[in-house]
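The structure appears below as structure tokens.
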Amino acid sequence: MTPGMMSETAEAALEITDLRKTYPGGVVALDGISFSVLKGDFFALLGPNGAGKSTTMGIVSGLVVRGSGLARVFGHDAGSVEAKSCIGLVPQEFNFSIFEKVEDILVQQAGYFGMPRRYALGRSETLLKKLGLWEKRHAQGLKLSGGMKRKLLIARALMHEPRLLVLDEPTAGVDVETRRSMWEFITTLNKAGTTIILSTHYLEEAEQLCKNIAIIDNGTILADTNMRDFLRTVARETYVLDIEQKVTDDASGRPSGAVVVDEHTLEVTVAKGEGLNTIFKSLDKKGLTVLGCRAKQNRLEQLFVGMTGENGKEAKTGSGDKVSA
Amino acid sequence: MRAAQQWRAFLTLLGKEVGRVFRIWTQTLLPSAITMTLYFVIFGSFIGDRIQDMQGHSYVAFIVPGLIMMAVLTNSYANVSSSFFGNKFQKSIEELLVSPMPSWLIVAGYTAGGMARGLIVGAIVTAISLFFVPLQVHAWSVIVVFVVLTSAVFSLAGLLNGIYARKFDDVSIVPTFVLTPLTYLGGVFYSVTLLPLVWQQISRLNPILYMVNGFRYGFLGISDVPVAGGLMILITLCLGLLVLDVYLIEKGVRLKS
């Protein structure tokens with residue numbers, strides 16, 4: 001959502017305007033990006049490696065010095081004491097002292113935010129229990145598994161009850177079960193009012209969780225829109241059909257437009273709005289029973305690859321416009 | 001951040017630093033105790049008796065203030081440079097950088113941590129010295145002012161080293177090639193009045209000379225250099241390094257990309 005589109009009554013958790021950053025050596029990380037995140041939003045900031053996501057999050061949380069432009073957190077200049085008080089950062093890399101005990105890491109972080117120790121101890125107990133780390137509270141950071149370390153980063157970021165939680169690839173390298181429990185926890189936080197900005201490579205999660213999305217590549221915003229509207233822009237979708245009977249790779253054995261993957265699997269590609277009824281009817285006429293049907297690639301992934309891959313770049317140049325709803 | 005919150009943040013960082021000193025006491029407290037005991041044994045008992053009095057005091061009594069000061073300044077420096085660089089290396093420094101702690105408070109926390117270690121080690125070395133020579137005190141106020149300011153100066157200098165260090169070698173280069181020679185040539189083991197005039201003049205460019213002599217004045221009432229001048233040098237160094245450290249952290253030099 002661009003700043004101009006924001007409702008006058010809605011408070012922005014984050015406003016970024018013409019933000020630029022060039023690293024020493026001339027690498028342009030951000031080339032004048034602008035977007036806003038509304039209070040209470042669950043916002044996805046997606047992009048390939050090196051696109052500028054972590055730089056953006058670093059500037060917002062005060063870890064990266066901006067080149068020019070504005071970044072405001074709940075109206076406060078990013079990097080200011082007021083802005084930092086509002087933000088909880090879950091970084092991509094483990095950045096706690098591995099020799100400290102889990103509970104000490106949390107209580108110290110709360111202390112840096114000026115919280116009384118007694119309150120911090122209570123808060124750490126609550127968070128560690130919710131995230132399943134309570135039994136590990138006396139363990140050193142280095143003794144934790146990868147998933148536990150990720151959870152610890154989340155707990156640490158939440159110690160001071162931030163209004164804006166910035167998650168930079170928080171589930172990288174985490175097993176499926178742990179990832180699900182983490183998302184469940186974070187969704188609960190969002191429902192309770194915490195604004196969340198998420199950067200992830202798990203696009204299906206971004207699609208399921210996030211309300212709004214921005215796609216960044218080469219330091220520029222390619223898309224900045226509502227997730228539902230964005231997903232509607234998918235032009236074609238490919239489905240994988242599991243067939244009970246054997247299918248043959250000739251015109252009589254499969255519906256037109258379908259591709260035989262193996263003797264019990266077909267792939268069909270349909271245009272936006274076309275629907276699958278025609279395909280199912282055709283299969284029915286041929287006496288083929290569909291046991292299962294799934295999208296080959298999730299819609300967000302399809303759009304993401306299209307925009308940030310070589311084809312996407314050509315398309316962007318050809319149209320001359322960024323996708324924006 | 002309100003004043004009460006800043007105070008809690010300061011105590012948290014100080015507590016973490018002091019906790020680290022005691023957690024790894026074999027690396028932080030024990031080495032100085034052993035080294036200084038050896039100095040006292042060798043220079044006090046084995047050799048000291050054969051050396052003539054220095055400015056009216058036995059040789060061991062003469063070197064005690066310098067050895068205490070040497071322990072204070074090296075430990076203050078080493079604590080902050082290694083701890084700060086360690087936090088940089090592990091990236092746990094980001095815990096502070098994302099917090100609302102102002103830069104001056106981060107500097108204050110690390111400096112206080114370095115001072116704590118320096119003063120603890122100083123107290124240990126003083127206690128060990130009592131086995132070799134009775135405690136003499138000329139002016140408590142001078143002792144306190146000089147030891148506190150010296151530990152502050154070297155903590156701030158250690159922080160400067162920690163900020164600029166890119167690898168572990170960078171943390172050990174300054175103590176090895178700068179601090180140790182300056183300390184040994186700073187009048188810990190001798191009076192500079194024994195040196196030829198040229199070397200006396202050169203020695204006066206060494207700030208550690210003023211710290212050692214000011215501290216010695218507090219114990220024995222003797223000094224090779226003006227104590228007030230030493231105090232001025234200490235205050236100037238302290239303020240200069242404080243301003244520089246706060247500026248560097250505020251700008252994120254070698255901390256923020």
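Coordinate-derived values only; no laboratory data. In this text, all values refer to a predicted model and were calculated from it rather than measured experimentally. Note that we place each Cβ from the backbone using ideal geometry, even for glycine, and neighbour counts take in every protein chain shown.
Would you be so kind as to identify all helices of chain B, as entire DSSP H runs, whose Cα atoms reach 27 Å or more along the helix's own axis and whose mean Kyte-Doolittle hydropathy is at least -0.5? Before the final figure, lay out each step's value.
On the way: long enough: B:3-23 (29 Å, 0.02); B:59-90 (46 Å, 0.84); B:103-129 (39 Å, 1.39); B:140-164 (36 Å, 1.96); B:227-251 (36 Å, 1.94).
In chain B, the long hydrophobic H runs are B:3-23, B:59-90, B:103-129, B:140-164, B:227-251.
Rg and Dmax of the stretch A:236-295 over Cα atoms: what are they, in angstrom?
Spelled out, the Cα radius of gyration and Dmax of the stretch A:236-295 are 10.3, 29 Å.
Once you have the alpha carbon radius of gyration of chain B, what is it after dividing by 2.2 N^0.38 Å, with N set to its residue count? Each step should come with its number before you reach the end.
On the way: Rg = 18.7 Å, N = 257, 2.2 N^0.38 = 18.1 Å.
The value comes to 1.03.
For a distance above 16 Å, tell me the whole-number percent of Cα pairs in the stretch B:1-84 that qualify.
Working: 2247 of 3486 pairs.
The share of Cα pairs beyond 16 Å in the stretch B:1-84 comes to 64 percent.
Where is the GNM fluctuation largest for chain A (alpha-carbon springs, 10 angstrom cutoff): A:L300, A:L133, A:L283?
Highest fluctuation among the options: A:L283.
In degrees between 0 and 90, to the nearest 10, how far off the longest principal axis of chain A does helix A:176-191 point, with axes built from Cα atoms?
That helix lies at roughly 70 degrees to the long axis.
What lysines sit close enough to B:K256 to cross-link, taking a C-alpha to C-alpha distance under 20 Å and skipping anything fewer than 8 places away on the same chain?
Straight-line reach from B:K256, under 20 Å: A:K21, A:K53, A:K84, B:K88, B:K91, B:K167.
Rg and Dmax of chain A over Cα atoms: what are they, in angstrom?
23.1, 76
Name the residue farthest towards the positive end of the dipole of chain A from the options A:F230, A:A71, A:T248, assuming +1 on Cβ of Lys and Arg, -1 on Cβ of Asp and Glu, about the Cα centre.
Positive-most Cα among the choices belongs to A:A71.
I need the shape label for the stretch B:41-182. Rule: rounded when a/c is under 1.5, else prolate if a/b > b/c, else oblate, with a, b, c from the alpha carbon gyration tensor.
prolate
Among A:T269, A:Q92, B:L13, which residue has its Cα furthest toward the positive end of the charge dipole of the protein assembly as shown, with +1 on Lys/Arg Cβ and -1 on Asp/Glu Cβ?
In the protein assembly as shown, that residue is B:L13.
Compare the Cα positions of B:V64, B:L220, B:S155 along the charge dipole of chain B (+1 at Cβ of Lys, Arg; -1 at Cβ of Asp, Glu; about the Cα centre) and return the one farthest towards the positive end.
B:S155
With no solvent and one point per C-alpha, what does the Debye sum give as log10 I(q)/I(0) for the protein assembly as shown at q = 0.08, 0.10 Å⁻¹?
The Debye formula, applied to the Cα set alone, gives -0.68, -0.91.
Helix-only estimate, please: 222 nm mean residue ellipticity of chain B, summing -39500 (n - 2.57) across DSSP H runs of length 4 or more and dividing by its residues, to the nearest 500. Don't skip to the end; give the middle numbers.
On the way: 12 runs with 181 residues, N = 257.
Roughly -23000 deg cm²/dmol at 222 nm, from the helical runs in chain B.
Dipole size in debye (nearest 20) for the stretch B:136-257 around its Cα centre, Lys and Arg Cβ +1, Asp and Glu Cβ -1? Write down the numbers at each step before the final one.
On the way: 7 positive and 5 negative charges, 43 e Å.
Using only the charged Cβ atoms, the result is roughly 200 debye.
For chain A, what proportion of DSSP beta bridges, expressed in % and rounded to the nearest 5, is antiparallel?
Details: 39 of 57 bridges.
About 70 percent, rounded to the nearest 5.
In the P(r) worked out for the stretch B:93-137, what percent of Cα pairs fall beyond 12 Å? Present the calculation step by step, with values, prior to reporting the outcome.
Values: 692 of 990 pairs.
Percentage above 12 Å: 70.
Binning at 10 Å from 0, report for the stretch A:138-264 what percent of all alpha-carbon pair distances ends up in each bin.
Going from the shortest bin to the longest, the percentages are 10, 29, 24, 18, 13, 5, 1.
Return the Cα extents of the stretch B:122-257 along principal axes one, two and three, sorted largest first, each rounded to a whole Å.
Extents along the principal axes, in whole Å: 53, 35, 27.
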